[in-house]
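The values are calculated or read from the model by the stated rules, or taken from the named source; none is laboratory data. Quick caveat, the model's predicted, so the values are computed rather than measured. Calculation scope for accessible area: heavy atoms of the full protein, side chains included, ligands and nucleic acids excluded. Shrake-Rupley method; radii C 1.70, N 1.55, O 1.52, S 1.80 Å.
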Amino acid sequence: MANLLEVNNLSVYYGVIQALKGISFHVDQGEIVALIGANGAGKTTTLHTLSGLIKADSGSIRYKGKELTKIPNHKIVSLGMAQVPEGRRVFAEMTVLQNLKMGAYTRNDKAEFESTLEMIYKRFPRLEERKNQLSGTLSGGEQQMLAMGRALMSHPDIILMDEPSMGLSPIFVNEIFNIIEDVNKDGVTVLLVEQNAKKALSIANRAYVLETGSIVKEGRGIDLLNDEEIKKAYLG
Ligand code: ATP
């Protein structure tokens, strides 16, 4: 399958601290790719650089053949790349429906909006049941669903997910990972950043291991799950 996203030699500094030390990886159309690593390894920095929130100091990010490092971040969503941020970041004082509407801001066709909303409600029945509820009163797992639903409202080709399992009970973690797999089966490519390496590797086609700003290992999800070093360092 064709490369949807290709990152080459990407470096990012925060002042004098180098958070990404020339990393290279790629995501093919239709894949689930996981980026795993400990606290502070540079996972969030990687996602924020892809979406243009942080500026790369050097290296390239090619997405559908375009150089993203030269494109302002507000244009990146309309190229089909959507973020599901860490800690969900739903708009707490808005209802579920209002949050979903925010996700559709790159689209202004009313009929298309309605059909997309219907599709999201089918995927997340809980969101439909709670469409008029204030988002800040949702449980953590429901907020994660809302953040995913909001990202999907823009009809992305790829979603960048930052730690979807964070702070969720095991039941919700399983539910969220099942949903990620279903969304992927519907044709959405997924780049998944996770500290929960076991869960991430179990659904990922391929994965990269990030350690203090460098990629130290890559392979198929299933192979990394059975890798002795990975087991010792990340799978407890
Ligand atoms: P976590 O899972 O804890 O979010 P991470 O793998 O996502 O970790 P990053 O948040 O990308 O890691 O951080 C990578 C490194 O960059 C860390 O050493 C962190 O302290 C540093 N860092 C992140 N943001 C900033 C910032 N705004 N200013 C200075 N240093 C930063």
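Looking at the square roots a ≥ b ≥ c of the eigenvalues of the Cα gyration tensor of the stretch 51-110, which shape do they give, rounded for a/c under 1.5, prolate if a/b is larger than b/c, or oblate?
Oblate is the answer for the stretch 51-110, as a/c is 1.5 or above yet b/c matches or exceeds a/b.
How much accessible surface area, in Å² rounded to 10, belongs to the heavy atoms of Ser135 with a 1.4 Å probe?
We get 0 Å² for Ser135.
Hey, if we sort Ile61, Ile171, Ile71 by accessible area with the 1.4 Å probe, largest down, what's the order?
The residues order as Ile171, Ile71, Ile61, largest area first.
Arrange the residues Lys199, Lys75, Lys55 by how much accessible surface each exposes, largest first, with a 1.4 angstrom probe.
Lys55, Lys75, Lys199
I need the phi-derived Karplus couplings for the stretch 215-232: 6.51 cos²θ - 1.76 cosθ + 1.60, θ = phi - 60°, integer Hz, Gly and Pro marked x.
Each residue's phi maps through the Karplus curve to give 7, 9, 7, 8, x, 6, x, 5, 5, 5, 4, 9, 7, 4, 4, 5, 4, 5 Hz.
With the contact rule set at Cα under 8 Å and sequence spacing of 6 or more, what percent relative contact order holds for the chain?
Relative CO of the chain lands at 27 percent.
Could you please put Leu168, Leu53 in sequence from largest to smallest accessible area, using a 1.4 Å probe?
Leu53, Leu168
Could you tell me the center-to-center distance, by alpha carbons, between the stretch 110-180 and the stretch 10-85 in angstrom?
Measuring centre to centre over Cα atoms gives 23 Å.
Excluding ligands and nucleic acids, what accessible area in Å² is computed for Glu6 using a 1.4 Å probe, to the nearest 10?
So the heavy atoms of Glu6 present about 70 Å² to solvent.
Please express the Cα-Cα pair-distance distribution P(r) of the stretch 76-122 as a list of whole percents, one per 5 Å bin, running from 0 to the bin with the greatest distance.
Bins of 5 Å from zero give 4, 17, 26, 29, 19, 4, 0 percent of pairs.
Quick check for the stretch 107-236: number of Lys pairs with alpha-carbon distance under 21 Å, counting only pairs 8 or more apart or on different chains?
Qualifying lysine pairs in the stretch 107-236: 14.
Would you pull out the residues with amide H under 5 Å of Met161's amide H, same chain only if 5 or more places away, H placed 1.01 Å from N?
Close amide H contacts, sequence-distant or interchain: Val84, Leu191, Leu192, Val193.
Using θ = phi - 60° and the Karplus form 6.51 cos²θ - 1.76 cosθ + 1.60, what ³J(HN,Hα) does each residue of the stretch 51-62 get, whole Hz, x for Gly and Pro?
8, x, 6, 10, 8, 6, 7, 7, x, 10, 10, 9
Quick check: convex hull over the Cα atoms of the stretch 98-236, volume per residue in Å³, rounded to an integer?
Taking only Cα atoms, the stretch 98-236 has a hull volume of 123 Å³ per residue.
For the chain, what does -39500 (n - 2.57) per DSSP helix run (n ≥ 4), summed and divided by total residues, give at 222 nm, in deg cm²/dmol to the nearest 500?
Mean residue ellipticity at 222 nm (helix-derived): -10500 deg cm²/dmol.
Per q in 0.10, 0.12, 0.14 Å⁻¹, report the Debye log10 I(q)/I(0) for the chain, using one uniform scatterer on each alpha carbon and no solvent.
Ignoring solvent entirely, the Cα scatterers give -0.45, -0.65, -0.89.
From the backbone phi of the stretch 194-201, what are the Karplus-calculated ³J(HN,Hα) couplings (6.51 cos²θ - 1.76 cosθ + 1.60, θ = phi - 60°) in whole Hz, Gly and Pro given as x?
Each residue's phi maps through the Karplus curve to give 8, 8, 7, 5, 4, 5, 4, 5 Hz.
For the stretch 1-110, compute Rh as the Kirkwood radius over C-alpha pairs and then the Stokes-Einstein diffusion coefficient at 10 °C and 1.306 mPa s; write the answer in µm²/s, rounded to an integer.
Roughly 102 µm²/s, to the nearest whole number.
Most mobile of Ala41, Ala82, Ala111 per a Gaussian network model of the chain (Cα springs, under 10 Å)?
Maximum among the listed residues: Ala111.
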